[in-house]
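Reading through the structure tokens given below for one structure.
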Amino acid sequence: MSFIRKHKKIFSLLIVVCAIITSFFIVRGGQEKKPDYLFQVVKNTAETPSTHIKNPLPNLTTEFTTESLKTLMSEKNNVAAQEKNDASQAKTLPDKNAVEKIVGDIIDKELESETIDPKTISVAKDDSKQMQVVYLLVIQEIIKNVSEKNSTEDVTKMPIAAYFGNIGNNFKNTVDILKIMNVPPSWVDIHASLLGFFTSQKNVYLSLSQADQDPLRFMIAIQRIADESEKKFDDIRIKIDKRVKEQKII
């Protein structure tokens, strides 16, 4: 199965994007230097970069259970209790501090996976103003598209888990598009921030859809959803506005 066939929804957006790019250069009268391709070409799944392979989110509840058992097995009082054959002295649950550390480490690892290293972004050779304008038009269309898709999801017409799952998959499609973009050099750091933001949104909403399978992931996502969305995106928008002025695009 080809990559395009597998991701038909993504490439329906790319058709719109190509129309924007074509229109831009028609308006420019064809006098400007043609930029690098804005998107990487992936012919089939065998050649698809590993970033596009669908990996399920790790089960944090199972991870917590495993780490808790490791903590209990390593505690000296458990060892001593086993040697004395006195089961009453053995702990069956880690103490509060141990639980907080285990959960904290799990959350830190989750957040670290959403931090995108700018060095992993595919960089275009063309950093002209024209290329930057095209890039910004495409980013604007991508953000508009995911916003519109999410607004059409109706929680009253489906189970709540399916609702969150649909939104999470909409964000996943956005992440997939951002990953295959060749970014003008002046925008690599901001693109990494955008990719990190949409990755975190994907993880949060897919986590909210997994309450039955992974209650710990669900509870962590509940805490994150109120903290991250608007402010984090507003910070990126401010950086974009500042970069536009620095590059004298307008």
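The values are calculated or read from the model by the stated rules, or taken from the named source; none is laboratory data. Values in this document were obtained by computation on a predicted structure and should not be read as measured data. Note that we place each Cβ from the backbone using ideal geometry, even for glycine, and neighbour counts take in every protein chain shown. With ligands, DNA and RNA removed, areas are computed over all heavy atoms of the protein, side chains included. Shrake-Rupley method; radii C 1.70, N 1.55, O 1.52, S 1.80 Å.
Just to be sure, is I177 part of a helix (DSSP H, G or I) and either in contact with a helix residue (DSSP H, G or I) (Cβ under 7 Å, 6 or more places away or on another chain) or surrounded by fewer than 16 Cβ atoms within 10 Å (Cβ to Cβ) (or both)?
yes
Residues checked against (1) in contact with a strand residue (DSSP E or B) (Cβ under 6 Å, 6 or more places away or on another chain); (2) open to solvent by less than 50 Å² (accessible area, probe 1.4 Å); (3) of a type in the set (A, V, I, L, M, F, W, C):
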| site | (1), (2), (3) |
| --- | --- |
| L194 | no, yes, yes |
| V204 | no, yes, yes |
| S207 | no, yes, no |
| P215 | no, no, no |
| K232 | no, no, no |
Check your understanding: On the given criteria, is K248 within 30 Å of M131 (Cβ to Cβ) and not in a helix (DSSP H, G or I)?
Key -> yes
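Here is a yes/no grid of residues against (1) more than 25 Å from N59 (Cα to Cα); (2) touching a residue at least 24 places away in the same chain (Cβ under 8 Å):
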| site | (1), (2) |
| --- | --- |
| I142 | yes, yes |
| G168 | no, yes |
| K202 | no, yes |
| S209 | no, yes |
| I222 | no, no |
| I225 | no, no |
| E230 | yes, no |
Review point. Can you pull out the residues in region 104-123 that are open to solvent by 90 Å² or more (accessible area, probe 1.4 Å) and in contact with a Gly (Cβ under 8 Å, 6 or more places away or on another chain)?
Key: T115
Revision key, fill the gap. Those residues of region 206-230 which are modelled with pLDDT of 80 or more and among the acidic types (D, E) amount to D212, D214
Point to revise | Pairs where the first residue, in region 180-192, is part of a loop (DSSP other than H, G, I, E, B) and the second is modelled with pLDDT of 95 or more and open to solvent by less than 20 Å² (accessible area, probe 1.4 Å), C-beta under 7 Å, 6+ apart | key: none
Practice item. Mind counting the residues in region 134-143 that are open to solvent by 40 Å² or more (accessible area, probe 1.4 Å) and over 16 Å from S193 (Cβ atoms)? Key: 2
